[in-house]
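**Student:** I have a structure here, written as structure tokens, and I will follow up with some questions on it.
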Amino acid sequence: MNLHVAGIETEAGTAGFICRATDGLWTAIERALDNGYGLVFVTNGDGEAIGRLTLQDLRQALRDGVHLGHASLGEIVRPGSLDDTDSPVAPVLDERRRIVGIEKRPDAIFLPVAEPDLSHAELRNLMDAFLSTWISSTGEYITRFESSFAARTGMSHGVATSNGTVSLHLALAALGISPGDEVIVPDLTFAASANVVIHLGATPVLVDVDPLTWCITPEAIERAITPRTRAVMPVHVFGRPAPMTEIRDLALRHGLFVVEDCAEAHGAAYDGQPVGSFSDVASFSFFANKIVTTGEGGICVTGNADLARRMRMLRDHGMRPERRYWHEEAGYNFRMTNLQASIGCAQLERMDGFLAMRRRVHEGYEAALRHLPGIAFPPPMPARYEPVTWFSCALVPAQARPQLIEACRQANIDLRPFFHGLSSMPAYRRYARKCPHSERLSACGINLPTSRKVDTQTITRIAEIFAGVLTGNGGRSEAE
Ligand SMILES: Cc1ncc(COP(=O)(O)O)c(C=O)c1O
């Protein structure tokens, strides 16, 4: 039975933090991953807490040559480790030193804006892939990951890549984008969206975003079309879908390709259809801060079998699959490894849970912060749009943003400003356009920590810090 202490329960429950001294390292590693805090408490035969083991301790034990199966935790646990003050959780003990609950100490550790959510499932898959010795870009996890991910977006083909930048590059290359071509790209995006266009010798045509969706609109695209336009790249920024039905129809009318950049929007939808299913090719990223991660990784999904074949060939040095070392064109090495895909397969099975957690965190921030002066949240979208939360976002007064970031940093909490509008940066000076909405969002936008560690206590702390800065008492909480 789990004994809980009211108000300070963790998602994992008390039992998820406890190992016996006779347990092996593997048990502790899996439990420390699954509870999300990277540590376990060790109890002796009488159920008394005798110490704490972090993933760092367990890694050190492995490096010291401690055997995974034979050694028991009792042999490596450090006496006195329960008193370590850098612990994000502490056991609540009864009079006989038995663990009856888990108390969180949210201010004891640094809270990053994003953290990968890795459990025993990813670890077991990774171990399996490793032991198979298929550690490069062939292996059963690759094919499984490609087909399951494509199926989730309603597409028939998935081509996994080494990251979400090269998947965009691969998509454009496979569509024949080349020097002289123009590709319409939103001004508010991560730079990779435009960089790949430039690397192919084409021109990114930057357009402003819509203040409601934060994405490009069909109207803005239409205004930017020239005789050189070959493709449009809507980016579902921060999980907010662009109006894809209209963009697809517009592109069809003008004979343009559509490459969706879904790097930040796994699971979002428009008109009841998943993002990634509206375009010639859609690209996703699986970088460690993304909704689903493979460490580094990406994928192109498409419904077009010829395009999928071409992308596979270009991904593999331009080599004909049925004729080894025969190169039809100068291709790339953009392949994903079986090790990455093994992590991705486990992540995909947990994806609905990730989306629910992110939604919960965002709703928590909205409820706690929305009444503060100067704070706004992303505008609610009409029913046709089904956004997801990648990073939880808020808009704050531009002049207060550095102070908010600094006040949170001093409290060990990481906040991040939005991307700079591409037009504002030296690398894109020759493509710069006036993009007032992108400029405003970029000046006011802030990303809040979004991970399973963010609970009501954390949100309350952040709300107190924000209240302090925004109401002018220097970031101190009311309680002080
Ligand atoms: C909108 C957008 N496009 C492309 C990328 C590139 O993905 P990756 O970091 O996997 O190369 C990212 C991710 O960082 C992104 O946010």
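The values are calculated or read from the model by the stated rules, or taken from the named source; none is laboratory data. Worth saying up front: this structure is predicted, and the values here are computed from it rather than measured. Glycine gets a Cβ as well: all are built from the backbone with ideal geometry, and neighbour counts include every protein chain shown. All accessible areas refer to the heavy atoms of the entire protein, side chains included, with ligands and DNA or RNA removed. Shrake-Rupley method; radii C 1.70, N 1.55, O 1.52, S 1.80 Å.
**Student:** I want the antiparallel fraction of DSSP beta bridges within the chain, as a percent rounded to 5.
**Tutor:** So the antiparallel bridges in the chain amount to around 65 percent.
**Student:** Under the definition of Cα pairs under 8 Å and six or more residues apart, what whole-number percent is the relative contact order of the range 120-349?
**Tutor:** 28
**Student:** Could you tell me what percent of the DSSP beta bridges with both partners in the range 120-349 are antiparallel, to the nearest 5?
**Tutor:** So the antiparallel bridges amount to about 50 percent of the total.
**Student:** Can you give the accessible area of GLU349, probe radius 1.4 Å, in Å² rounded to 10?
**Tutor:** It works out to around 150 Å².
**Student:** Could you state how much accessible area ARG230 has, in square angstrom rounded to the nearest 10, with a 1.4 Å probe and all protein chains kept in place?
**Tutor:** ARG230 exposes around 70 Å² with every protein chain in place.
**Student:** When only alpha-carbon atoms are used, what values of Rg and Dmax, in angstrom, describe the range 14-104?
**Tutor:** Just the Cα atoms of the range 14-104 yield Rg and Dmax of 11.9, 37 Å.
**Student:** So, one more: In degrees between 0 and 90, to the nearest 10, how far off the longest principal axis of the chain does helix 120-132 point, with axes built from Cα atoms?
**Tutor:** 70
**Student:** Can you run the Rg to Rh ratio on the range 120-349? Use alpha carbon positions and the Kirkwood inverse-distance Rh.
**Tutor:** 0.97
**Student:** For the chain, compute Rh as the Kirkwood radius over C-alpha pairs and then the Stokes-Einstein diffusion coefficient at 4 °C and 1.567 mPa s; write the answer in µm²/s, rounded to an integer.
**Tutor:** Using the Kirkwood radius from Cα pairs, D works out to 54 µm²/s.
**Student:** I've got another one for you. Determine, from the Cβ-Cβ distance of GLN273 and GLU366 and an R0 of 25 Å, the FRET efficiency 1/(1 + (r/R0)^6), rounded to the nearest 0.05.
**Tutor:** It comes to 0.40.
**Student:** If contacts are Cα pairs under 8 angstrom and at least 6 residues apart, what is the relative contact order of the range 393-480 in percent?
**Tutor:** RCO, the range 393-480: 34 percent.
**Student:** Rounded to the nearest 20 debye, what is the charge dipole size of the chain about its Cα centre when +1 sits on each Lys and Arg Cβ and -1 on each Asp and Glu Cβ?
**Tutor:** 980
**Student:** Want the number for THR456 to GLN410: 0.36 nm per residue separation, take away the alpha-carbon distance, what's left?
**Tutor:** 14.6 nm
**Student:** Summing +1 for each Lys or Arg and -1 for each Asp or Glu, what net charge is found among the other residues whose Cβ lies under 13 Å from the Cβ of GLY201?
**Tutor:** Combined, the nearby Lys, Arg, Asp and Glu give 0.
**Student:** From the protein chains alone at 1.4 Å, what is the descending order of accessible area for LEU175, LEU212, largest first?
**Tutor:** If we order LEU175, LEU212 from most to least accessible, we get LEU212, LEU175.
**Student:** Okay, moving on. Treat each spin label as a single point 7 Å out from the Cα along the C-beta direction, and report the GLN56 to SER148 distance in nm.
**Tutor:** Calculated label separation equals 3.3 nm.
**Student:** Give me the one-decimal nm value for the distance between modelled label points at PHE110 and LEU93, 7 Å along each residue's Cα-to-Cβ direction.
**Tutor:** Distance between label points: 3.0 nm.
**Student:** Helix 456-470 sits at what angle to the longest principal axis of the chain, using alpha carbons and giving 0 to 90 degrees rounded to 10?
**Tutor:** Helix 456-470 sits roughly 70 degrees off the main axis of the chain.
**Student:** Within the range 209-239, name every residue whose backbone N is under 16 Å away from a label modeled 7 Å from Cα of ASP249 along the Cβ vector.
**Tutor:** Residues 217-222 fall inside that zone.
**Student:** Moving to a separate point now. Can you send over the solvent-accessible area of TRP134, 1.4 Å probe, protein chains only, in Å² to the nearest 10?
**Tutor:** The accessible area comes out at roughly 140 Å².
**Student:** Where Lys and Arg each count +1 and Asp and Glu each count -1, what net charge lies around GLU219 among other residues with Cβ under 14 Å from its Cβ?
**Tutor:** Here the count lands on -3.
**Student:** While we're here: Counting alpha carbon pairs within less than 8 Å and at least 6 residues apart, what relative contact order, in whole percent, applies to the range 14-104?
**Tutor:** 30
**Student:** More than 25 angstrom separation, counting every C-alpha pair in the range 192-290; what % is that?
**Tutor:** Distances greater than 25 Å cover 12 percent of the Cα pairs.
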